[in-house]
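Every read-out reported here was derived from the displayed coordinates using simple, explicitly stated rules and does not represent laboratory data. Since the model is a prediction, treat every value here as computed from it, not as a measurement. Cβ: placed from backbone, ideal geometry, glycine included. Neighbour counts: every protein chain shown.
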There are 2 protein chains.
Amino acid sequence: MKAAHINAVCRAARNIMVDHFKVDVEPDKPYTGKSAVPSNDVSVVLGVSGELTGQIICSVNNGTAKNIVGTMMGGMEVKEMDDMGWSAIQEFGNWVAGSTATELSKESCIIDVTPPVVNEGSSRFHSSKTFITVPMKSSIGSLDVHISLESATS
Amino acid sequence: MKAAHINAVCRAARNIMVDHFKVDVEPDKPYTGKSAVPSNDVSVVLGVSGELTGQIICSVNNGTAKNIVGTMMGGMEVKEMDDMGWSAIQEFGNWVAGSTATELSKESCIIDVTPPVVNEGSSRFHSSKTFITVPMKSSIGSLDVHISLESATS
């Protein structure tokens, strides 16, 4: 996987946090080499097809998930995740999906992203490709972006 | 979602069980109306794009997962899931993906399926579309096929 593509995915996630949520984001050092990653409490799974195929998984803990939903709803405090909360998290996934497709297209890489599916609960994801993980810290909590993509021609 | 497409996905999963694993499969009555489904212990998540977009999630319990891996490995007993086991479950997902694309193409519906990602652990999946679930019973265990697909033009 090309560094330019990984950077594009990270830019996409960062842009949503900065432009939509108006929070500062500090990306941590990416790490790789794992074929399994923890889901934390809440994970948004985006399938990718086209010139790259695989998944992008955005994982957060419960507190960050509630902060994301609260921020999306104009700053209200979210005490418990309900159907509206899950719907908002899916919408967050749609934003990341759209932003990812746009940022990759700037690198001349054309992809389709599936509608998001959200995983709730502590579990692990296994992929045949090793994941590249970009941890991001922000004032509304930490976000791990797990990237498992390969060139469709490889 | 058209019944013909749901039936094609079910045929795809059933064909893998019957043709590759040589087990009898008895599909149960499908049900729908849920925006969240349990992952059981092991779920294979397949992203779908093209004329249909969304996810197909195949969920099994630990016992069935071990039976699937054992059957794929020529009938050996699998006591614990290791890296080879997870790799085999991913391969099972690839078989279902390929079979699904083929069966849907027979219904003049052209899709791309992403490489599978496997979820391990008890959790739940939320989707913006309600899931259609087809439970299947076989001699190596039960398999739930959760389908959340929408027409790309809708």
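Per residue, what volume in Å³ does the Cα convex hull of the range B:16-77 take up? Numbers along the way, then the final one.
Details: hull volume 7.9 nm³, N = 62.
Residue-normalised Cα hull volume stands at 127 Å³.
Round to a whole angstrom and tell me the spacing of the C-alpha centers of the range B:1-59 and the range A:79-154.
23 Å
Roughly speaking, what % of Cα-Cα pairs in the range A:89-138 are separated by over 14 Å, rounded to a whole number?
Numbers: 840 of 1225 pairs.
It works out to 69 percent of all Cα pairs.
Running a GNM on chain B with Cα contacts under 10 Å, which residue among B:I89, B:I68, B:I110 ends up with the highest mean-square fluctuation?
B:I110
Starting with the fewest neighbours, write out A:T114, A:T133 ranked by other beta-carbon atoms found within 10 Å of each beta-carbon. Walk me through the numbers before you get to the answer.
Working: A:T114 28, A:T133 21.
Taking fewest neighbouring Cβ atoms as first place, the list is A:T133, A:T114.
Apply the Debye scattering formula to the range B:1-43, with a single equal point scatterer on each alpha-carbon and no solvent, then give log10 I(q)/I(0) at q = 0.20, 0.25, 0.34 Å⁻¹.
After summing over all Cα pairs, the log10 values are -0.87, -1.10, -1.09.
Looking only at other chains, what is the average number of their beta-carbon atoms within 10 angstrom of each beta-carbon in B:127-133?
3
Going by how many other Cβ atoms sit within 10 Å of their own, how do A:T130, A:T53 line up, fewest first?
Values: A:T130 15, A:T53 23.
Least to most surrounded, the residues fall as A:T130, A:T53.
Between chains B and A there is a rotation axis; tell me the chain B residue with the nearest beta carbon and how many whole Å away it sits.
For chain B, the closest residue to the axis carrying it onto A is B:G47, 1.
Among B:V134, B:V18, B:V44, which one shows the biggest mean-square fluctuation in a GNM of chain B, springs joining Cα atoms closer than 10 Å?
B:V18
For label points placed 7 Å from Cα toward Cβ, what is the shortest-first list of nm distances from A:T102 to its copies?
With the label placed 7 Å along Cα→Cβ, A:T102 yields 4.1 nm.
Out of the range A:40-101, which GluC sites (Glu not before Pro) are coil in DSSP terms and have no more than 12 other C-beta atoms within 10 Å?
On the way: sites: A:E51, A:E77, A:E80, A:E91; in loops: A:E51, A:E77, A:E80.
Counting only loop positions with at most 12 other Cβ atoms within 10 Å, the GluC sites (Glu not before Pro) in the range A:40-101 are A:E77, A:E80.
Using a label point 7 angstrom from Cα along Cα-to-C-beta, what distances in nm, from shortest up, separate A:D83 from the other copies?
When each copy's label point is compared with this one, the spacings are 4.4 nm.
Out of the trypsin sites (Lys or Arg not before Pro) in the range B:62-138, which ones are loop residues according to DSSP with at most 11 other C-beta atoms within 10 Å? Mind dumping the intermediate values first?
Values: sites: B:K66, B:K79, B:K106, B:R124, B:K129, B:K137; in loops: B:K79.
Passing both the DSSP loop test and the Cβ count: B:K79.
Where a Cα-Cα gap under 15 Å defines reach, which aspartates and glutamates qualify for B:K2, not counting those fewer than 8 residues away within the same chain?
Here the aspartates and glutamates satisfying the reach criterion relative to B:K2 are B:E51, B:E103, B:E107, B:E150.
For the protein assembly as shown, what does the equivalent ellipsoid look like in terms of its semi-axes, each the square root of 5 times an eigenvalue of the Cα gyration tensor, given largest first in whole Å? Intermediate results must be reported in sequence, preceding the final value.
Numbers: eigenvalues 192, 80, 77 Å².
Output for the protein assembly as shown: semi-axes of 31, 20, 20 Å.
What average count of beta carbons from other chains do you get within 10 Å of the Cβ of residues in A:46-53?
Details: counts 2, 14, 5, 10, 3, 0, 1, 6.
Mean partner shielding for this stretch: 5.
Please compare each pair in A:K22/B:K34; A:K79/B:K29; B:K22/B:K66 to a cut-off of 28 Å on the Cα-Cα distance and tell me which ones are over it.
On the way: A:K22/B:K34 34 Å; A:K79/B:K29 37 Å; B:K22/B:K66 16 Å.
From the list (A:K22/B:K34; A:K79/B:K29; B:K22/B:K66), the Cα-Cα distance tops 28 Å for A:K22/B:K34; A:K79/B:K29.
Consider just the alpha-carbon atoms of chain B and return their Rg together with their Dmax, both in angstrom.
14.5, 46
Which of B:V113, B:V78, B:V69 moves the most in a Gaussian network model of chain B with Cα springs under 10 Å?
Of the options given, B:V78 has the highest mean-square fluctuation.
At B:S122, label 7 Å along Cα→Cβ: distances to the other copies, nm, ascending?
Result, one decimal in nm: 1.2.
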